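**Student:** Here it is: the structure, laid out below.
Read the figures in this text as sums done on the coordinates, not as results from a lab. As the structure is a computational prediction, the values presented were derived from the model and not from experiment. Here the Cβ is made from the backbone with ideal geometry for all residues, glycine too, and neighbour counts use every protein chain on show.
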Amino acid sequence: MDLKNSLETYFDRLWPLCRSLTGEGYRRSLDILSEVMPMERLKFESGRRVLDWIVPKEWIARDAYLIDPNGVKRADFKSNNLHLVGYSIPFNGTLNLSDLRPHLHSIPAQPDAIPYVISYYTEAWGLCMTHRELQSLPEGDYQVVVDTELTDGHVEVGEAVLPGSTDREIFFSTNLCHPSLANNELSGPLVMAFLYDRIASLPNRRFSYRFVVAPETIGAVCYLSVRGDHLKQRMDAGFQMTCIGDRGHFTYKLSRRGDTLADRAARLVLRDMGPHEIIPFDPLGSDERQYCSPGFDLPFGSLMRTRYMRYPEYHTSLDNKDFISFEAMTGSIDAYFGMVCALENNVRWRGTVLDGEPQMGRRGLYITNGTPQGKQDRDRAKFWVLNLADGANDLMHIAERSGQPLKTLISVSAELRTAGLLREE
Amino acid sequence: MDLKNSLETYFDRLWPLCRSLTGEGYRRSLDILSEVMPMERLKFESGRRVLDWIVPKEWIARDAYLIDPNGVKRADFKSNNLHLVGYSIPFNGTLNLSDLRPHLHSIPAQPDAIPYVISYYTEAWGLCMTHRELQSLPEGDYQVVVDTELTDGHVEVGEAVLPGSTDREIFFSTNLCHPSLANNELSGPLVMAFLYDRIASLPNRRFSYRFVVAPETIGAVCYLSVRGDHLKQRMDAGFQMTCIGDRGHFTYKLSRRGDTLADRAARLVLRDMGPHEIIPFDPLGSDERQYCSPGFDLPFGSLMRTRYMRYPEYHTSLDNKDFISFEAMTGSIDAYFGMVCALENNVRWRGTVLDGEPQMGRRGLYITNGTPQGKQDRDRAKFWVLNLADGANDLMHIAERSGQPLKTLISVSAELRTAGLLREE
Amino acid sequence: MDLKNSLETYFDRLWPLCRSLTGEGYRRSLDILSEVMPMERLKFESGRRVLDWIVPKEWIARDAYLIDPNGVKRADFKSNNLHLVGYSIPFNGTLNLSDLRPHLHSIPAQPDAIPYVISYYTEAWGLCMTHRELQSLPEGDYQVVVDTELTDGHVEVGEAVLPGSTDREIFFSTNLCHPSLANNELSGPLVMAFLYDRIASLPNRRFSYRFVVAPETIGAVCYLSVRGDHLKQRMDAGFQMTCIGDRGHFTYKLSRRGDTLADRAARLVLRDMGPHEIIPFDPLGSDERQYCSPGFDLPFGSLMRTRYMRYPEYHTSLDNKDFISFEAMTGSIDAYFGMVCALENNVRWRGTVLDGEPQMGRRGLYITNGTPQGKQDRDRAKFWVLNLADGANDLMHIAERSGQPLKTLISVSAELRTAGLLREE
């Protein structure tokens, strides 16, 4: 089965599950992803203090709906789990329409979209529907069923590690806490799982690779409470994977420091891939908020396609299978894998001939015929590597300064090393 | 009486006085300003060596005019003190028109303006008139009266200090040596006096504030000769106040170093106030020439509206009450006071939770409902402060990096401190 | 004889000689240039190892041509030395057209140009002609004569030094290995020789000046093998002189470091001369490849007019006397001499009055009449020098920061020094 089909198959299995920060839907989703990327589970019990946070109760959502005055069932959780406000407390009773209204959510500007609403840290219940439906509700008494429960349980974090030959690490993080939403967020875990698969088959890895699936914010806080020191000591580059499945061009959000290895790798790979956008760090967003908090300040950026909050389907029922593209997702895996290659090959080369150029012709390393127009791109890349390989510059610097494609520089470096003109510093 | 009316009242009293580097008009002007901003007088006697300069003689101008061949009085000093070239030496005699001409000044391109001309350091006499009048002068003999005197006296500098809780100082400097000219220069001393008034009522000042009124160039040189070392040790930011009363947008001229606290405060305050212009330092201009001379090199910039030499009314009789706006002057006081607030609040905060975000919801510090579009500007500012409050960044840096309004950052910092999430580093 | 005529006279004598990396034509060309710029000869024998390179054999070209099936002589080396591929090995025989074709070179896109082709490091022979001629060749047998010889000999480098009062050096390098090509490259040695002449008459030189004429690449490698350490210790700025005779505007290619004294001098001189282009370093090009190799990394840039490979006449018979301009070449000498002046005058001045401005009026150093519009450019330059002459800034820095013309700054510095307001730091 090809990659696109595999992505779609897993998407279809994950789509209907009702995920949240905690609970069965989340656990079942981790199970499915573990078929591709086997994960350990880290568990954090309700009430536990993690850094500045307190782990919330586990939320169980069994059913939720309205029966309108005409006996019609509406906002049926079982038909679309977005109908129920996330972390709703239980409620069972009859309300007339005006008393019910404060509990109903819709988006007037998008009358056919069901909004995604949560109430994690305020105790409340609510139901979501399209604005068109909301406006058509008849006056009268409504039977309300919100069959939920908040109970002691766990926040769970899935973790996978692919070891390399050194103790330096590359880190990938994604979220799994949204219910039936496609780009934000099933695209992230799907891209991660199949990136894992590709890196697993990469021979002679210098770096170790760490993959984390967690509910947004609280999951990252939990994870940092046990792995924060490790990451500070080991991580050379990390990336948040979110909103990575739509048809838009790539967007990279810089780390807090803005010039880390993660940022440099992303800039170079995107530069060579075509139109894209680099945006500065800001302290809102996804789990970069935690990984780039001032106490950790990790080399951690975020590669997206169309970023959160910048597409109208965001956090509505319109962020569905139609909105994403499995073709685009394979391109996202390519981009992430490009950054892996950039990092793996980021050697500080040192030329064996530094005084004057090495005599390339004598070694059969290029064709000189007196017409410099004929210089091949490959030859040009060789001269850049040789000129800048003074032991102080890593290969990314050479790519940054020369403007030559990173892939070409990686390839000619190997050739020059074989010819005895480069050695690793 | 409101601020605008106060400014106008003092303007009207100061306007007719014949000021110069020295003399009665200058002293009387200092007296009037002292009603709002009580000043000490520093006196420097004629002939005294101050730094590289020699204090000039005091100039007394009693009267000056022409009687034309038809008996008409022209260029009457008593009707407009611009008719007499500043520092004219005395002359009494009869000249025919062609002998008189070299002593007459006008502006052909502005035929209705009387130019402002001075001859401080060359002994000469002269009279100024509109070009229209100059061209209409009949041939014949003119009686010339220039009743002036150059005599030993003093250059005087007015100085006021508002103490604060630390020995660090903010410094304001302005000039008072021009006769009846409005934007350049009565706007400067007027804005200073009423800024003094506002700062005087600011509780818990960290900084001390120093205000200096002096004749241009020689006054600054005199002042530096006695306070230069003090300013080098104490001044954190200083500003020249000139051309600050017209209706144009703000112009800030950077200090010699270009990145001082003065420059940063001005950039931020103007950024938040709308269209404005930042111009680089150059060694021409007003008293920044002295305060930014290489031996002092103080953190001293200049906040103006339309800068000197950039408006056609500059140094002519058209720089009068019609040209300025007391409304604009109150805005100028606001801008200066904004810089004072920026400096007073430029704390290096340190978060009490640095590892991961603090749990804001638990503390009631913001509303989280899963729709990040709903993040209030105030919430955004809080996240910026918390993310950058690592003890290394001052609040101006946070404003510079985040783009958030400085006022909002000051306000949320206070709230976060009260909540126990920040402490002063 | 004026400079333009001298340039043309020497051009006409050098033009017909068949130069190459080595050989009689090259040696004869050095002889002619030595009439203007007397040079020592450094010799490097064939087979000698120089840095990473091996000195090639010397190439003797006596004759070369084709006799076509109709008895017509074609590609006659004696009519234009571009007809023979440089470093062709000898050949004598009869070939039919299809066997001959692989040895024939033309440029389809420029049907009237004979290309310049060399084969330095691959043993081969070939003949060049216009594409129009190539297409008109009749079928049949061709008599081929390539009367050449590769023999042990020498690479030779010409060197001239003009001593100065310090041991710091300015370095100029050019090439002489191309046969009848005008802009690339007779313009370089011609401009160098007459620049030498001008510098020789400059009194009180602070710097020593070193001039090197060499075959491209191998000549620079040879020269660095004996003078590399000397240049590393002594050279403050160096320049490659090539493509400096056409009518285009100036192009300066930065050194590898990009901010050396050479780069700063070139930027300032070109800034004051009008439209020009500054291009970044890249490791292709002329002998900057060797002088800026990572082991030497010298402060060495390249001032050209239209750069190599950017004009269609480049490396063809169209790069001839019509393409160049002796007027432009005198302008090139002026530009180079401007850089010499910039370097000679790049003093770190220190004002004798640093606290406040010196009182210029008292010293008769400028006219002050209260109308700053009247400030002369010269006065403005004086204030810049005095403000920045704190002993830390060289004159180039003052020119960079102030935007004032370097020539004016040099002139007013001399005046201020005479007035006792500056001394050399």
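**Student:** Would you please give the residues with an amide H less than 5 Å from that of A:LEU176, counting only those at least 5 places away or on a separate chain, with H modeled from the backbone geometry?
**Tutor:** A:ALA214, A:GLU216
**Student:** Something else about it: Treat the count of other C-beta atoms within 10 Å as a stand-in for reagent exposure and order C:SER187, B:SER165, C:SER201, B:SER46 from fewest to most.
**Tutor:** Details: C:SER187 30, B:SER165 10, C:SER201 7, B:SER46 16.
Going from sparsest to densest Cβ surroundings: C:SER201, B:SER165, B:SER46, C:SER187.
**Student:** If you build a Gaussian network model of chain B, linking Cα atoms that sit under 10 Å apart, which residue out of B:GLU45, B:GLU58, B:GLU156 swings the most?
**Tutor:** Most flexible of the set in this elastic network: B:GLU45.
**Student:** Continuing with the same structure: Using the Karplus curve 6.51 cos²θ - 1.76 cosθ + 1.60 with θ = phi - 60°, work out ³J(HN,Hα) for each residue of the stretch C:167-179 in order, rounded to whole Hz, and write x for Gly and Pro.
**Tutor:** These are the phi-based 3J(HN,Hα) values: 8, 7, 10, 10, 10, 10, 10, 8, 10, 9, 8, 8, x Hz.
**Student:** A further question follows. Using only Cα atoms and rounding to the nearest 10 degrees, what angle (0 to 90) does helix A:326-344 make with the longest principal axis of chain A?
**Tutor:** 40
**Student:** With r defined as the distance between the Cβ atoms of C:LYS321 and B:GLU133 and R0 fixed at 51 Å, what FRET efficiency is calculated, to the nearest 0.05? Could the numbers behind the result be given before it?
**Tutor:** Numbers: r = 67 Å, r/R0 = 1.32.
Here the calculated transfer efficiency is 0.15.
**Student:** May I pose another question? Just want to confirm a number: the relative contact order over chain B, from Cα pairs under 8 angstrom separated by 6+ residues, in percent. Don't skip to the end; give the middle numbers.
**Tutor:** Values: 869 pairs, mean separation 65.9, N = 425.
For chain B, the relative contact order is 16 percent.
**Student:** If a paramagnetic tag sat 7 Å from the Cα of C:ARG62 along the Cα-Cβ line, which residues of the stretch C:71-90 would have the backbone N under 12 Å from that point?
**Tutor:** Residues C:90 fall inside that zone.
**Student:** Calculate the spin-label point distance for C:ILE279 paired with C:GLU424, positioning each point 7 Å from the Cα along the beta-carbon direction, and give it in nanometres.
**Tutor:** 3.8
**Student:** Any idea what angle helix B:3-14 forms with the longest principal axis of chain B, computed on alpha-carbon atoms, 0 to 90 degrees, nearest 10?
**Tutor:** On a 0 to 90 degree scale, this one is about 20.
**Student:** Let me ask you something else. Assuming 0.36 nm per residue, please report the length gained on full extension of the stretch B:GLN143 to B:ARG48 beyond their Cα-Cα distance. The partial results should precede the final answer.
**Tutor:** Working: separation 95, 0.36 × 95 = 34.20 nm, distance 3.70 nm.
Separation in residues times 0.36 nm, less the Cα-Cα distance, equals 30.5 nm.
**Student:** Further question: Around A:ARG256, which amide H atoms from residues at least 5 apart in sequence, or from another chain, sit under 5 Å from its own amide H, with H modelled in the peptide plane?
**Tutor:** A:PHE300
**Student:** Sticking with this structure for a sec: At a threshold of 8 angstrom on Cα-Cα distance, excluding pairs fewer than six apart, so keeping six or more, what relative contact order does the stretch A:102-154 reach in percent? Provide the component values of the computation, followed by the final result.
**Tutor:** Details: 50 pairs, mean separation 18.1, N = 53.
Relative contact order comes out at 34 percent.
**Student:** Let me ask something additional. How far is it, in nm, from the label point at A:ARG168 to the one at B:ASN70 when both lie 7 Å from their Cα along the line to the Cβ?
**Tutor:** 9.3
**Student:** OK, next. Whose amide H sits under 5 Å from the amide H of B:THR316, counting only residues 5 or more places off or on another chain, with H placed in the peptide plane?
**Tutor:** Amide H neighbours of B:THR316: B:TYR116.
**Student:** Given +1 on the Cβ of Lys and Arg, -1 on the Cβ of Asp and Glu, and no further charges, what dipole in debye does chain C carry about its Cα centre, rounded to the nearest 20?
**Tutor:** Values: 48 positive and 56 negative charges, 314 e Å.
The calculation lands at about 1500 debye.
**Student:** If r is the Cβ-Cβ distance from A:THR9 to A:ARG101 and R0 is 56 Å, what FRET efficiency results, to the nearest 0.05? Kindly include the intermediate steps, with their values, before the conclusion.
**Tutor:** On the way: r = 42 Å, r/R0 = 0.74.
After rounding to 0.05, the efficiency reads 0.85.
**Student:** On average, how many beta carbons from a partner chain sit within 10 Å of the beta carbon of a residue in A:386-394? If you can, show how the numbers build up before the last one.
**Tutor:** Numbers: counts 4, 10, 3, 1, 5, 1, 1, 1, 0.
Going residue by residue through A:386-394 and averaging, the value is 3.
**Student:** Say the dipole of chain C comes from +1 at the beta carbon of Lys and Arg and -1 at that of Asp and Glu; which of C:MET192, C:ASN345, C:GLY285 then lies farthest toward its positive end?
**Tutor:** Of the candidates, C:ASN345 comes out farthest on the positive side.
**Student:** Which listed residue (B:TYR252, B:ASN96, C:LEU409) has the Cα farthest towards the positive end of the charge dipole for the protein assembly as shown, taking +1 on Lys and Arg C-beta and -1 on Asp and Glu C-beta about the Cα centre?
**Tutor:** C:LEU409
**Student:** Tell me which of A:TYR366, B:SER208, C:LEU7 sits at the most positive position along the dipole axis of the protein assembly as shown, charges placed on C-beta atoms (Lys, Arg +1; Asp, Glu -1).
**Tutor:** Working it through, the farthest residue towards the positive pole turns out to be B:SER208.
**Student:** May I pose another question? Quick one: B:MET304, B:MET339, B:MET37, A:MET235, fewest Cβ neighbours within 10 Å first, how do they rank? Don't skip to the end; give the middle numbers.
**Tutor:** Values: B:MET304 30, B:MET339 27, B:MET37 21, A:MET235 24.
Least to most surrounded, the residues fall as B:MET37, A:MET235, B:MET339, B:MET304.
**Student:** Across peptide C:290-302, how many C-beta atoms of other chains are within 10 Å of each residue C-beta, on average? Present the calculation step by step, with values, prior to reporting the outcome.
**Tutor:** Numbers: counts 3, 1, 1, 10, 14, 6, 3, 3, 0, 0, 0, 0, 0.
Rounded to a whole number, the mean comes out at 3.
**Student:** Separate question: Can you list the aspartates and glutamates whose alpha carbon sits under 14 Å from that of C:LYS78, skipping same-chain ones fewer than 8 residues off?
**Tutor:** C:ASP63, C:ASP147
**Student:** Using a 10 Å cut-off around each Cβ, can you sort C:MET192, C:MET273 from fewest to most neighbouring Cβ atoms? Walk me through the numbers on the way to the answer.
**Tutor:** Numbers: C:MET192 27, C:MET273 15.
Lowest count first: C:MET273, C:MET192.
**Student:** Can you give the relative contact order of the stretch A:349-424 as a percent, counting alpha carbon pairs under 8 Å and 6+ residues apart? Write down the numbers at each step before the final one.
**Tutor:** Values: 67 pairs, mean separation 35.6, N = 76.
About 47 percent, as a whole number.
**Student:** Only Lys, Arg, Asp and Glu count, each charged at its Cβ (+1, +1, -1, -1), so figure out the dipole size of the protein assembly as shown about its Cα centre, rounded to 20 debye.
**Tutor:** 1400
**Student:** Still on this structure, I have one more. State the residue of chain C whose Cβ is nearest the axis carrying C onto B, and the distance in whole angstrom.
**Tutor:** For chain C, the closest residue to the axis carrying it onto B is C:ASP259, 11.
**Student:** How many Å³ per residue does the convex hull of the Cα positions in the protein assembly as shown occupy?
**Tutor:** Values: hull volume 317.6 nm³, N = 1275.
Convex hull of Cα atoms, per residue: 249 Å³.
**Student:** Per-residue mean of other chain beta-carbon atoms within 10 angstrom of the beta-carbon, peptide B:51-58? Don't jump to the answer; show the numbers that get you there.
**Tutor:** Details: counts 7, 13, 7, 2, 0, 0, 0, 0.
Mean partner-chain Cβ count within 10 Å for B:51-58: 4.
**Student:** Let me ask something else. To the nearest 10 degrees, how steep is helix B:24-34 against the longest Cα principal axis of chain B, on a 0 to 90 scale?
**Tutor:** Taking the Cα atoms of chain B, the angle to B:24-34 is about 20 degrees.
**Student:** Just list whichever of B:LYS232/B:LYS253; A:LYS4/A:LYS57; B:LYS73/B:LYS321; B:LYS253/C:LYS253 have alpha carbons separated by over 28 Å in the model shown. Working shown, then result.
**Tutor:** Working: B:LYS232/B:LYS253 20 Å; A:LYS4/A:LYS57 37 Å; B:LYS73/B:LYS321 25 Å; B:LYS253/C:LYS253 34 Å.
Distance filter (> 28 Å) returns A:LYS4/A:LYS57; B:LYS253/C:LYS253.
**Student:** Moving to a separate point now. Where nothing but the Cβ of Lys and Arg (+1) and of Asp and Glu (-1) is charged, how large is the charge dipole of the stretch B:227-266 around its Cα centre, in debye to the nearest 20?
**Tutor:** Dipole about the Cα centre, nearest 20: 80 debye.
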